[in-house]
Amino acid sequence: MATLKDLKLRLKSVKNIQKITKSMKMVSAAKFARAERELRSARSYGAGAASFYEKAEIKAPEGPKQKQLIVTLSSDRGLCGGVHSSLCKAIKLDVAGQASGVETRVVCVGDKARNILQRVMKDKFLVTCSDIGKKPPTFVDASKVAQSVLGMDFGYDLGNIYYNKFRSVISYKTSKLPIFSLDTVAASKNIYVFDSLDAETLRCYQEFQFASLIFYGMKENATSEQSSRMSAMDNASKNAGEMIGKLTLTYNRTRQAVITKELIEIVSGASALE
């Protein structure tokens, strides 16, 4: 049975944890409000890039050997529920279901996804990026990631950007956006319905489009992360409150038992002296 001192120390520790979780919830709520405002304008980047693929009817080339690129958008910070693990789970399932002969390379944006995926597919890593999530993502950050990937000169045929799409304060959905290489886009039959589209213009637009999709995914993922962290800290605060109530009750009962025991000993000793 725990002593009064042990219960008191445990009670003090849980109260301190509750203060921390409440503070983190308030900070996450402020960051979430900002991220949600910035997400509204960032969605136009994703919608514009996706509509280009749709209008041009771009499809992945068919063949026995394909090169696939997977871009994972996470961050370096935790305590946000299953935001990072859900991304990695979706990637593992897709990679496991691939046909034989497909060469896959993974780009990890954020240390959390890298730490999870390196256990099973470390040999597939192409680029890893850190220092993500401390500040709100910007288009400059997305451009650096895109430039790093394009600089590796990995001639992929198709690929996907995995991210968490924000739905509500308590809900997000793990989604993916298709990406295609410059050769795949140029080989599309309907690409030249656009006026004045030469090779240099297509290359520049393809690079901008790749960065735009990464920027959009980073914004969606950042909003989902902040909302999930806010909910996680709220649940942690509630659980700490319940634990404090139970520990307080146990502490009071134990203290009452100690006092009663001491009174019995005093009365017994007085009766023995008589």
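The values are calculated or read from the model by the stated rules, or taken from the named source; none is laboratory data. From a predicted model like this one, the values you see are computed outputs, not experimental measurements. Heads up, the Cβs are rebuilt from the backbone with ideal geometry, glycines too, and the neighbour counts pull from every protein chain shown. Surface accessibility is based on the protein's heavy atoms, side chains included, excluding ligands, DNA and RNA. Shrake-Rupley method; radii C 1.70, N 1.55, O 1.52, S 1.80 Å.
Data table
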{"read-out": "Residues that are among the small types (G, A, S) and surrounded by 13 or more Cβ atoms within 10 Å (Cβ to Cβ), drawn from segment 198-214", "value": "A211, S212"}
{"read-out": "Scan of segment 251-274 for residues that are under 17 Å from L11 (Cβ atoms), open to solvent by 100 Å² or more (accessible area, probe 1.4 Å) and out of contact with any helix residue (DSSP H, G or I) (no Cβ under 7 Å at 6 or more places or on another chain), ordered by number", "value": "R253, Q256"}
{"read-out": "Scope segment 65-99; condition assigned to a loop (DSSP other than H, G, I, E, B), among the polar types (S, T, N, Q) and either closer than 16 Å to K124 by Cα or modelled with pLDDT under 90 (or both); matching residues", "value": "Q98"}
{"read-out": "Total residues in segment 146-176, condition β-branched (V, I, T), out of contact with any Phe, Trp or Tyr (no Cβ under 9 Å at 6 or more places or on another chain) and within 14 Å of V107 (Cβ to Cβ)", "value": "0"}
{"read-out": "Only listed residue being more than 20 Å from A113 (Cα to Cα) and under 20 Å from the mean Cα position of the chain (by Cα), chosen from F166, F180, F139", "value": "F139"}
{"read-out": "Any chance S237 is surrounded by 24 or more Cβ atoms within 10 Å (Cβ to Cβ), part of a helix (DSSP H, G or I) and polar (S, T, N, Q)", "value": "no"}
{"read-out": "Output for segment 1-59, where each listed residue is assigned to a helix (DSSP H, G or I), under 30 Å from I179 (Cβ atoms) and open to solvent by 70 Å² or more (accessible area, probe 1.4 Å)", "value": "K31, R34, R37, R40, S41, R43, S44, Y45, E54, K55"}
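To keep it simple, each residue is scored yes or no on (1) in contact with a strand residue (DSSP E or B) (Cβ under 8 Å, 6 or more places away or on another chain); (2) of a type in the set (G, A, S).
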| residue | (1), (2) |
| --- | --- |
| Q209 | no, no |
| E220 | yes, no |
| S224 | yes, yes |
| S228 | yes, yes |
| A236 | no, yes |
| N239 | no, no |
| R253 | no, no |
| Q256 | no, no |
